[in-house]
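The values are calculated or read from the model by the stated rules, or taken from the named source; none is laboratory data. Quick caveat: nothing in here was measured; it's all calculated off a predicted structure. Reconstructed Cβ throughout: ideal geometry from the backbone, glycine too, with neighbour counts over all protein chains shown.
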Amino acid sequence: MSSAVKALPKDKRWLKYPGFDLAWNVMACIRCSRCYYVHTWDVKSWRFSEICPSLKRYMFSAYSAQGKMDIGIAILTGKLKVSQKVAEILYKCTLCGGCDVMCKDTMDMEPVKVFEALREICVKEGVGPLPQHKRFIESIEKNFNPYNEPHEKRLEWMPKDVKPAEKADVVYFVGCTSAYRRPEIAQATVRILKAAKVDFMMLHPEEYCCGGTALRVGVRDLAKKMIEHNIEAINKSGAKTVVTSCAGCYNMFNVKAREITNMKMNFKVLHITELIDSLIKEGRIKFTRELGLKVTYHDPCHLGRLSEPWTPGKPVGVKHYEIPRRILSRIPGVELVEMERIKENAWCCGAGGGVKAAYPEFAEWTAKERIEEAKTTGAEALVSSCPFCKTNLKDAAEDEMKIYDITELILQAI
Amino acid sequence: MSKMELLASEPIEAYPDYDAKKHLEIKEALIRILGPEWVSDEPEITQAYSRDWTAPGILEPRRPEFVVLPGSVEDVRAITKLANRLKFNLLPIGTGLCGLAGTLPNRGCTVTVDLAKRMNRIIRLDSKNMYAVVEPGVTYAQLHAEALKVGLTLSGAPEAGAQAKVLANHLFFALTGKSQRYGHAPHRILGAEIVLPDGELICLGSAATTNEYFWGSGPGPDLIGLIRGLTCSHGGLGIVTKLAVKLYPWPGPRVWPVEGYIPEKRVILPKDKFRWYLIKLPSEEKVIEAIYEIGRSEIGYAVHHFCAYYMNTWWAKSCEEYWRTWEEGYFQKLHPSLAVCLAGLTSPKQLEYEEKILKQIVEELGGEFVKDEKNWIEYTASNWLLDAQGPRMHRPSGTYSLFALDILDPEWADKVTRPNESLGDKVREKYTPPLVDDDHSHWIHSIEFGHYAVGEQDFLVEKSSLESVKASMQSVMEYITTALKEGSPCGVPQMASGRLNEFAGPVMGNYHVWLRKIKEAFDPNYVANPPYPIPIPEKEPKP
C-alpha cells in the first residue's frame, strides 16, 4: 500500500476476501436486509419484489439469510443450542442463492456456504438431516440414487431407437431425477444428440448420484464419495466432455466438486443448453417445425446465479442467463416473454435444498408463486432447464399452465 | 475469532430482569390476540431481532422476549392496550437496520412488534394528487416501482438503501438523493394513522377530518411532530400504522433502466432528461459557494459534496477493488468536488438551460468538469435517484460509525465537517489508527435549493478488532461531550436519541424538558419503547 494510506484494517481479510470461513462470514453480516428482496434497482412491482421464499412464507426474520447469520453467531458463541427448531429454520430453505447474490452485491460474503456449513453442524449434532432426508440418504448409499430405485434400471428410459456409443468423447450424465422421475427430459436429450449426430456414451453402471442431494442436506462425506466416484469413472472413460441435462448435476460438477474434493477432472462439463447453442451455431441443429407457443423462461438456481464459482466483485451465471433465451428465441413460432424476476433475481421453483422432501407444502407454495408470476406474462407455457424445477412447477401448476423442459421444446421443433 | 467478533445475545433467562411468571402471562395473552402462528418467544426466532447494523461491541446484542407479527391496526391496538395492562415494552420495527439502537431491546419484557411482514401493503397510490399511503412494510424500491408506472417518483431512497421501509425512514431522518429539489423526508409526510402508547387511534393531517391523506396539516395544533423530527421517537410516542408521502412527476422511463449483472449493474438514464456532472472546485469554500449559487439559480435535481471514501465505497464491487482504488488515490484526487444531477423535468430545454447556468457557475468559481473515467456516474450516481449504496460503506472494514450528522445551513454544515478543521475530524484523527483510513469524510447534502443542508462525517471502523470498535465508541463520546461543552452541539441532535437527549437538551434550549413532558403525557405507563424518545428517570428500572 502507498505511504499515503495511514491506517489499513489490521486483519488482512478485509483487504482481500480470503475464501470461505464460517465465523468470518456470520460476523460480517451487517443486517442490511438486502437479502430479503430482488435487487432494488430491478424491482418492477410490489407484488413480485421478494427474493426469499422462506422469509415470504414463514415471515419471521429468522427465516431470512440475515436471521440464519444470527443463528450462526449464536451457535458459534454457544448462546444457542443446535435444536430441532434450528434445524427446522435451516432446512426450510431451498438454498436457492437469491439472498447470496444480493448479499454479494454489498459485502464479500457467501450466505449459501454459511447455510451449508450450518446444516453440517446440524448433522454432527444429530438434528439433521431430517427424517425424510435420511430415507434418500440411505437410498443413495444403497442404490446410488435418492429415489429408492434399483441401480440397474438407471437407463430404462433409453429409447430403443437411440444407441449410445461404447466409447465416445462425450458422456451424457443423465442424473437421478431425469433417469427415474423425468424420463422425457433424458429421452429428449439423447434424441437431440442423435439428431445432431453427436456421438455420446453413458457411464452406466458407473454413473452414481452426483452427490448434490447429500451435500445440500449436510451429509458432506457421502457427497464427496459420490462425486469422486463419478469423476474417477469419467476420467477412466477417457471422455473429454460431460453433458448434463440437470442443473443440479451441473452445479455439482462445475462448482461444488471444487469445494469438496481435490480430484482433477480431465474433462469439461457442459449443460445441454450450452452444447445445443453451439450445435445451432455450427448448423448441426436446424429447426424445421413452427411451434406457435408463447413461453416464459424460469432460470433454475443451479443453472443461473449458482452455476459458476464466485470471484468477489464479478457477476456469476452470466452465460447461463443468455444461452437458454437465445435458443428459445431461435425456435420458430416461439415467442419469449419475460417474468419480472429473472436471471439473478429469479424466484426459486421451491424444490431445492431438500425442501421438496421435507416440506412439500412449502415447496408447492413456492412453485405456485412462480406460476402466478408466469401467468401475468400471458405465456401459455413455462419453460425451464432442470428436471427438478419441472417436477415441482408441474406439481403446482396442475392444469393452469403447461410446463416444459427446454429440451422438450427443442426436440419438438427439430 | 475473538469473543468480540462474534458477540451474541445471552439467553433472556440469563438477565436479572427476566420474570418467568410474567413471561408466561404475556405469552398467553399475546396468543389470544394474534394466534400462535404470529407470536414467538423461541430463541432461534428472537435471536434474529437482537442486533441492528451497528457492530457488536458498540451495542450489546439482546434478544427480545417475544417477536409478534401483527396483521392490522386492530392487532396493534390490542397489543398496545395489553402492554399497558400487563406492563411490558413495545418495540416497533420496520427493516430493523436503524444503527442508533432504536430497534434493539434494552430491557426485559420487551416485545418486538415486527410491522414489516404482514402490514406491508401500498394502500393507495393517488396519481392525480401525487401521493401514496403505505403500511409499515413497504420498501422504497417497491413504492418507487409502482410510482414509476404512473409517471411519478419518490425523492430517492436514503443512504441505507431502497430496501429500507418508507414509513419508518420518513419518520426517522431520510436523507434522499433528490432532496435538493424535493426536500427532507420528514417534510414530505402527509396524513398518518397512529396507535398512541395507550392504544388510542388517531389520524393526523387531512386524514384527521376527511379520511383523505393529501395534506400534512390537520385541525388545531399539529400533532404530526409527535412522530417525526431530528431526534425521532423510535416508537416511543406510539406506533404509526399508515403514512402518506408525497410523490413527484417523473419524466424518465416507466421501468428503472438497468444494464448488466450484479455486482456490475449500471443505470443508464436518457441523456436528454438527466445529466450528472462531477465538478472539481479549488477549495472547500468554493464548494459551498457553488451550492449556494446553484440553489439561488433554482437549478439542480441532486447536489452533493462527497468525499473519496463515499465515492469509492459505493462504486467498488469488492474489498479488493476498494483498497486497490484507494491506493491509486483516484477518488482522493477529485476532492473537493460536487456531484450534480440536472433534470429536464418539464422538457429537454429545461435541462439545456440548467446546464448553461451550471457551466457559468463553475466557470465563475474556477472549477472544472471532471471526466468520469471509472463510470462512477453509471455505477453509482444515477442510482442515487432511486436507491443508495449505503450498505456498501461497511465493506472495506466491516462497519463504520459517524458524527456530525445534522441539519444546518450549507456554510455551517461545511464548518462542522470540514477536513482538518472540524471537531469531528480532529477527534477522528486522534483515534486513527485503530480507526481505519478514510481521507476525512465530509458530506454536504444540499436540501431545497440550499435553504439548508446536511453535514455528515462517517468513518471506517474495523469490525473484527475490539480496539477499533472501542475507539469508535470513545471518539463518538468525545465528540458529543466536547461539542456540548463548547455549546455548539452540531451533530448531537440526530444522534441524541433516547438517553443522550438528557445531555443535549440543556445546551439546546432545554428541549429535553418539554420532550419529557410529552412522553409523560402520551405514555403514562412507560411502555412505548423506553427510553425513547427520552427516559423518565423515576420510571427507569434500577440498574
Determine the pairs where a residue that is within 18 Å of B:LEU104 (Cα to Cα), located within the range B:31-46, has a partner that is polar (S, T, N, Q) and in a helix (DSSP H, G or I) with Cβ atoms under 9 Å apart, the partner being 6 or more residues away or on another chain. B:SER40/B:THR46; B:ILE45/A:SER61
Residues that are among the aliphatic types (A, V, I, L, M), surrounded by fewer than 23 Cβ atoms within 10 Å (Cβ to Cβ) and within 30 Å of A:LYS16 (Cβ to Cβ): does the range B:421-435 have at least one? no
Residue list for the range A:52-84, restricted to those being at the interface with chain B (Cβ under 8 Å from one of its Cβ atoms), surrounded by fewer than 24 Cβ atoms within 10 Å (Cβ to Cβ) and in contact (Cβ under 8 Å) with a residue 40 or more places away in the chain: A:LEU76, A:SER83
Answer yes if at least one residue in the range B:359-377 is in a strand (DSSP E or B) and in contact with a His (Cβ under 8 Å, 6 or more places away or on another chain), and no otherwise. no
Only listed residue being within 14 Å of chain B (Cβ to nearest Cβ) and hydroxyl-bearing (Ser, Thr, Tyr), chosen from A:THR273, A:THR311: A:THR311
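Please verify whether B:GLU44 is under 29 Å from the mean Cα position of the chain (by Cα), at the interface with chain A (Cβ under 10 Å from one of its Cβ atoms) and among the acidic types (Asp, Glu), treating the condition exactly as stated. First the steps, then the outcome.
Values: under 29 Å from the mean Cα position of the chain (by Cα): yes; at the interface with chain A (Cβ under 10 Å from one of its Cβ atoms): yes; among the acidic types (Asp, Glu): yes.
Considered against the rule, which asks whether it is under 29 Å from the mean Cα position of the chain (by Cα), at the interface with chain A (Cβ under 10 Å from one of its Cβ atoms) and among the acidic types (Asp, Glu), B:GLU44 comes out as yes.
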Residues of the range B:249-277 satisfying the condition of being outside any loop (DSSP other than H, G, I, E, B), surrounded by fewer than 20 Cβ atoms within 10 Å (Cβ to Cβ) and either touching a Lys or Arg at 6+ places or on another chain (Cβ under 8 Å) or within 12 Å of chain A (Cβ to nearest Cβ) (or both): B:VAL258, B:GLU259, B:ARG266
Extreme residue, nearest to A:CYS103 (Cα to Cα), among residues of the range B:260-277 that are more than 25 Å from the chain's Cα centre (by Cα) and touching a residue at least 60 places away in the same chain (Cβ under 8 Å): B:GLU264
Pick from the range A:101-119, criterion at the interface with chain B (Cβ under 10 Å from one of its Cβ atoms) and assigned to a helix (DSSP H, G or I), ranking: farthest from A:GLY212 (Cα to Cα): A:THR106
Selection count where residues are touching a Gly at 6+ places or on another chain (Cβ under 7 Å) and away from chain B (no Cβ under 14 Å), scope the range A:323-361: 3
Residue hits (the range B:451-469; under 18 Å from A:ILE30 (Cα atoms), assigned to a helix (DSSP H, G or I) and more than 23 Å from the chain's Cα centre (by Cα)) are B:LEU466, B:SER468
If you go through the range B:102-132, how many residues are in contact (Cβ under 8 Å) with a residue 60 or more places away in the chain, in contact with an Asp or Glu (Cβ under 7 Å, 6 or more places away or on another chain) and more than 27 Å from B:LEU154 (Cβ to Cβ)? 4
Only one of these conditions is not met by A:ASP42: (1) at pLDDT 95 or above; (2) in contact with a Pro (Cβ under 8 Å, 6 or more places away or on another chain). Which number is it? (2)
Can you confirm whether the range B:147-154 contains a residue that is aliphatic (A, V, I, L, M) and within 8 Å of another protein chain (Cβ to nearest Cβ)? no
Boolean, A:GLU232 is part of a helix (DSSP H, G or I) and free of Cβ contacts under 8 Å to residues at least 40 places away in the same chain: yes
What's the number of the only condition in (1) away from chain A (no Cβ under 14 Å); (2) surrounded by fewer than 16 Cβ atoms within 10 Å (Cβ to Cβ) that B:LYS333 fails to meet? (1)
Could you check how many residues of the range A:44-84 are among the charged types (D, E, K, R), touching a helix residue (DSSP H, G or I) at 6+ places or on another chain (Cβ under 7 Å) and not in a loop (DSSP other than H, G, I, E, B)? 4
Among (1) touching a Leu at 6+ places or on another chain (Cβ under 8 Å); (2) surrounded by fewer than 17 Cβ atoms within 10 Å (Cβ to Cβ); (3) not small (Gly, Ala, Ser), where does A:ARG191 come up short? (2)
Candidates A:THR273, A:THR261, A:THR311 - the one that is crowded, with 22+ Cβ neighbours inside 10 Å and of a type in the set (Ser, Thr, Tyr): A:THR273
Report yes if A:ALA358 is aliphatic (A, V, I, L, M) and either surrounded by fewer than 24 Cβ atoms within 10 Å (Cβ to Cβ) or closer than 14 Å to A:ARG57 by Cα (or both), otherwise no. yes
Scan the range A:173-180 and give yes if some residue there is part of a loop (DSSP other than H, G, I, E, B) and either under 15 Å from A:ALA233 (Cβ atoms) or touching a Leu at 6+ places or on another chain (Cβ under 6 Å) (or both), otherwise no. yes
Is it the case, given these coordinates, that A:LEU90 is within 16 Å of A:CYS122 (Cβ to Cβ), surrounded by fewer than 22 Cβ atoms within 10 Å (Cβ to Cβ), more than 7 Å from chain B (Cβ to nearest Cβ) and in contact with a Gly (Cβ under 8 Å, 6 or more places away or on another chain)? no
Name the residue that is surrounded by the fewest Cβ atoms within 10 Å (Cβ to Cβ), counting only residues in the range A:2-47 that are more than 7 Å from chain B (Cβ to nearest Cβ) and of a type in the set (Gly, Ala, Ser). A:SER3
Top-ranked residue of the range B:170-182 - restricted to ones that are surrounded by fewer than 24 Cβ atoms within 10 Å (Cβ to Cβ) and modelled with pLDDT of 90 or more, ranked as nearest to the other protein chains (Cβ to nearest Cβ): B:LYS178
B:THR241 - would you say it is among the hydroxyl-bearing types (Ser, Thr, Tyr) and more than 14 Å from chain A (Cβ to nearest Cβ)? yes
Kindly indicate whether any position in the range A:343-352 is touching a Phe, Trp or Tyr at 6+ places or on another chain (Cβ under 7 Å), farther than 23 Å from A:ALA186 by Cβ and charged (D, E, K, R). yes
Inspect all residues belonging to the range B:215-226 and state whether any of them is in contact with a Pro (Cβ under 8 Å, 6 or more places away or on another chain), farther than 30 Å from B:HIS442 by Cα and more than 14 Å from chain A (Cβ to nearest Cβ). no
Test: B:TYR379 is at pLDDT 90 or above, closer than 29 Å to B:ARG324 by Cβ, in contact with a Ser or Thr (Cβ under 8 Å, 6 or more places away or on another chain) and of a type in the set (Phe, Trp, Tyr): no
Among the listed residues B:GLU159, B:GLU135, which satisfies the condition of being buried (at least 22 other Cβ atoms within 10 Å of the Cβ), more than 9 Å from chain A (Cβ to nearest Cβ) and within 26 Å of B:PRO251 (Cβ to Cβ)? B:GLU159
